[in-house]
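Chemist: Sharing a structure here in C-alpha cells format.
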Amino acid sequence: MTAKATGAAITASPSTPGTENFSLALRVHDLNYTYPDGTTALEHVSFEIKKGESVALVGPNGAGKSTLLLHLNGILHSTGSRGAVEILGEPIDPKKVHEMPKKIGIVFQDPDDMLFMPLLFDDVAFGPINLGIEKEEVKRRVKDSLLLVGLAGYETRVSHHLSGGEKKRAAIATVLSMDPEIIAMDEPTANMDPKSRADLIEILKTLKSEGKTLIIITHDVNAIPELADRVIVLKKTVIADGTTREVFADAGMLVAAGLDVPTIMQFFEVLQAFGYPCDVLPLSIDGAVDNLTQTIENGEGHVHLHIHKHTHREVDATLCKYHHSHHRHHHHAALDHPE
Ligand SMILES: Nc1ncnc2c1ncn2[C@@H]1O[C@H](COP(=O)(O)OP(=O)(O)OP(=O)(O)O)[C@@H](O)[C@H]1O
Ligand SMILES: [Mg+2]
C-alpha cells in the first residue's frame, strides 16, 4: 500500500473500521453484463482501485469500457451484477443511485448525454442543486468549474449550441461542480484541440495531486504516462493490469488487443537499434529529455549512434512490432547495406 493511500484511509474513512476494503475507492468483483439484445459486453471483470490512485482504462472499440463505466454509479445493473461493484467500501444499492454523485462523478463518452438544460449554467448547477447545496455556493461552484475547463463566462450560453470540444469540456464541468471523491471520464481528450487537450491534462494532474481517485478511459496513449500510475486493459474481461510501465512493456499483448504504446517509447526503441544505450525506455517527452540528458552526461558530452549491417533490419523489426496492419514497411530498403 502506498503512503498516500494509507493516509487517505486513516483520515477519510473513520466510519468503516475493521473492514479490509476501507482504503479502496472501488472494488469490482466478477462483474458480468449482457445487453438485452444478447450482446455480452463484460465477462468476469474484477479489479480494485485504491483511494488516490489514477488509472487509465484502455481497450479496443467495443471492449466494454463505456459499459463498465455505467456500472460504476449504478446506471446499468442486472441480476448478474448485483453486489459486484463497491464504491468507497459499500456495494451499490440500485435504490440509492441518486446518492452516488457525491461519491463518484462520471463523464460520459457523449457529452450530449450530459447536457440537457437550456443554458449551460443550469447544466453545471444541476448536480450541486440536487445535492442540496445552497444557492450562492452553487453559483460559485459553477463559476469555478467553468473556469477550470476554460469556459469562463459561458453560463448563459445554450448548451446544445456549443461546439464539439466545448460540449466535452462543459460535460466535465457538470461533474467537477459536484466535487466527487472519485472521477471517472470516458475519453476526456476526444474532440479536443491541442491547447484544450494540454489544459485538460493539467486539470487532471491537479485533481490527481489533490488526492482524487481518477479513472480515465482513453485511446490517447501519449497522454497516459502523464496521467496514470496504472493501466488496466479491458477486452470484455481484464487482460492486463499493472503499472503504466509494466503494461507498456508488453507490446505483444497491446498490439494483439489493437492498442499502442506512446510514440516516444517506440522512437527510443528505434534509437536503440541505432546503438543508443537505453535500458529503460522513456514513456513521455519529459522522460525522453531526462534520458537523453543522462546518456549525454554519461558519454562525456556525446551520444554515439551508428549504422551497421543489420541496423535497418533491427529498425524494421522494431516498427513491425508495433505495426497493426499486415503490410510490411520498406522505407529503409534504399539505405540497406549490400550484403
Ligand atoms: N445499448 C446497447 N445494446 C446492445 N449492445 C450494446 C449497447 N451498448 C453497447 N453495446 C455493445 O456492447 C459492447 C461494448 O460496448 P462499449 O460501448 O462498452 O465499448 P467501448 O469499449 O466503450 O468501445 P469504444 O472504444 O468504441 O467507446 C459492444 O459490442 C457494443 O456494440
Ligand atoms: Mg466507449
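The values are calculated or read from the model by the stated rules, or taken from the named source; none is laboratory data. Source: prediction; values computed, not measured. Note: ideal-geometry Cβ built from the backbone for every residue, glycine included; neighbour counts use all protein chains shown.
Chemist: Hey, can you tell me all the residues within segment 226-249 that are part of a helix (DSSP H, G or I) and either buried (at least 18 other Cβ atoms within 10 Å of the Cβ) or in contact with a Gly (Cβ under 9 Å, 6 or more places away or on another chain) (or both)?
Modeler: Within segment 226-249, GLU226, LEU227, THR244, VAL247, PHE248, ALA249 meet the criteria.
Chemist: Looking at segment 191-199, can you tell me whether even one residue there is basic (Lys, Arg) and within 16 Å of ligand 2 (Cβ to nearest atom)?
Modeler: no
Chemist: Now, a different point. Among the candidates ALA184, ALA152, ALA125, which residue alone is touching a residue at least 12 places away in the same chain (Cβ under 8 Å), small (Gly, Ala, Ser) and not in a helix (DSSP H, G or I)?
Modeler: Going through ALA184, ALA152, ALA125 in turn, just one is touching a residue at least 12 places away in the same chain (Cβ under 8 Å), small (Gly, Ala, Ser) and not in a helix (DSSP H, G or I): ALA184.
Chemist: Which one of the conditions (1) within 17 Å of TYR322 (Cα to Cα); (2) touching a His at 6+ places or on another chain (Cβ under 9 Å); (3) not charged (D, E, K, R) does PHE274 fail to meet, given that it meets all the rest?
Modeler: (1)
Chemist: Continuing with this model, one more query. Just for segment 41-59: of the residues that are acidic (Asp, Glu) and in contact with a Ser or Thr (Cβ under 8 Å, 6 or more places away or on another chain), which one is nearest to ligand 1 (Cβ to nearest atom)?
Modeler: Out of the qualifying residues, it is GLU43.
Chemist: Determine whether LYS139 is basic (Lys, Arg) and within 30 Å of LYS50 (Cβ to Cβ).
Modeler: no
Chemist: Just to check your reading of the model, which residue among GLY59, GLY52 is closer than 21 Å to ALA223 by Cα, surrounded by 22 or more Cβ atoms within 10 Å (Cβ to Cβ) and more than 16 Å from ligand 2 (Cβ to nearest atom)?
Modeler: Of the residues listed, the single one that is closer than 21 Å to ALA223 by Cα, surrounded by 22 or more Cβ atoms within 10 Å (Cβ to Cβ) and more than 16 Å from ligand 2 (Cβ to nearest atom) is GLY52.
Chemist: Checking TYR33 against (1) loosely packed, with under 15 Cβ neighbours inside 10 Å; (2) more than 7 Å from ligand 1 (Cβ to nearest atom); (3) among the aromatic types (Phe, Trp, Tyr), only one condition comes out false. Which one?
Modeler: Failing condition for TYR33: (1).
Chemist: Given the residues ILE183, ILE133, ILE203, ILE129, which is the only one that is crowded, with 22+ Cβ neighbours inside 10 Å and among the β-branched types (Val, Ile, Thr)?
Modeler: After applying the criteria, what remains is ILE183.
Chemist: Exactly one condition in (1) within 16 Å of ligand 1 (Cβ to nearest atom); (2) of a type outside the set (Lys, Arg); (3) closer than 25 Å to LYS50 by Cα is false for GLY62; which is it?
Modeler: In the conditions (1) within 16 Å of ligand 1 (Cβ to nearest atom); (2) of a type outside the set (Lys, Arg); (3) closer than 25 Å to LYS50 by Cα, GLY62 misses (3) alone.
Chemist: Tell me, which residue of segment 174-192 that is touching a helix residue (DSSP H, G or I) at 6+ places or on another chain (Cβ under 6 Å) and either modelled with pLDDT under 90 or not assigned by TED's automatic domain parsing to the domain that holds GLY132 (or both) is farthest from ligand 1 (Cβ to nearest atom)?
Modeler: Out of the qualifying residues, it is MET192.
Chemist: Next up: Name the one entry in GLY258, GLY211, GLY252 that is surrounded by fewer than 16 Cβ atoms within 10 Å (Cβ to Cβ), within 16 Å of ligand 2 (Cβ to nearest atom) and at pLDDT below 95.
Modeler: GLY258
Chemist: Can you find a residue that is touching a Ser or Thr at 6+ places or on another chain (Cβ under 9 Å) and assigned to a loop (DSSP other than H, G, I, E, B) anywhere in segment 163-174?
Modeler: Checking segment 163-174: not a single residue is touching a Ser or Thr at 6+ places or on another chain (Cβ under 9 Å) and assigned to a loop (DSSP other than H, G, I, E, B).
Chemist: In segment 89-113, what residues are away from ligand 1 (no atom under 12 Å from the Cβ), surrounded by fewer than 21 Cβ atoms within 10 Å (Cβ to Cβ) and assigned to a loop (DSSP other than H, G, I, E, B)?
Modeler: Within segment 89-113, GLY89, ASP93 meet the criteria.
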